[in-house]
Amino acid sequence: MSNNNAVAVGVKDSTQSEAALIWAARRAERGHLPLAILHVVDSRWSLDPARWSHALERSGEKLLKADAAQVQQRFQVEVTTEVLNGSVAASLGEYARKCSLLVIGSGSPHLGGSLTDRALQIAGASEGPVAVVGEMDDSQDRRGVVVGVDGSENSLKAVAFAAAEADRDGQELTVLHAYNAPDPESDAGLAPIELRRLISEQERVVLAETVAGLSTSYPDLSVKRVLEPHQEPVRALVEASANARLLVVGSRGRGGFTRLLLGSTVHGVLTHMPCPTIVIPPSDAHEAY
């Protein structure tokens, strides 16, 4: 599909994939955008790739046909389907360049730990925004958009994306900045009062500069600023978005290593995902591949 405004969703035979499909279709319908339903066939590790690839493609086409029919019965949206070949994470991550948003299911806990979760791999490999959706479809009971910030260029992109989402849907935007400030009691001997005050003031400036300009771009948008100086960012974001409609985070923050595809904060959020979460890649995402 050449339409860069399309919403794309990667599907497989799972309950998480079903939830992602419905979430993506609803978003496409609301934005009057086309929907691309994708399925990836990865036969690289089979003993007879040619034989199994053909069988897997037929199975994938059957799945796509059923999913397309389901969407067209429930939503007013233009639907196309496509079978991709190769690594799931790489194929979907590259396809994200062709669409406005790639949607995937959250995956499920399994032996081997969260580092091997396919959703984490896809979010890390994506060259465009990725929405990770869990099993529950309770968006109508949720309110507000939450975005995590830290002053980095990536988090500024996340704020811009989150503000547009909140304004379009008439939701309040919560801009949250959590950081580990020196504790007045436990760190009293290590961090002088002047240093603690300086750090606190600097982080307040970071939050203020992050939201600067939003009132001009979105005059009707309600913005709530939250500063959490003594809480881990992952915990703060998970708690703040427990009842939110959407959480938006940058894939890497100001303290991250550029060689890491996912920063520790977004990794932690996705393994404790409280609501549908959109991961925004850095501007130089394509340079990591």
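Values quoted throughout were computed directly from the atomic coordinates according to the rules given, and no laboratory measurement underlies them. Predicted model only: the values in this text are computed from it and were never measured. Cβ atoms come from the backbone with ideal geometry, glycine included; neighbour counts cover every protein chain shown.
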So for R0 = 22 Å, FRET eff. of Asn85-Lys12 from the Cβ-Cβ r, to 0.05, ends up at 0.90
For the table Lys12/Lys65; Lys65/Lys98; Lys12/Lys157, the rows whose alpha-carbon distance is greater than 20 Å are Lys65/Lys98; Lys12/Lys157
Here the net charge surrounding Val11, from other residues whose Cβ is less than 9 Å away from its Cβ (Lys, Arg +1; Asp, Glu -1), is -2
Toy charge model, Lys and Arg Cβ at +1, Asp and Glu Cβ at -1: region 1-43 dipole around Cα centroid in debye, rounded to 20, equals 200
Taking Lys and Arg as +1 and Asp and Glu as -1, residues besides Val226 with C-beta under 15 Å from its C-beta add up to -2
Sorted on mean Cβ neighbours within 10 Å (highest first), peptides 140-148, 273-281 come out as 273-281, 140-148
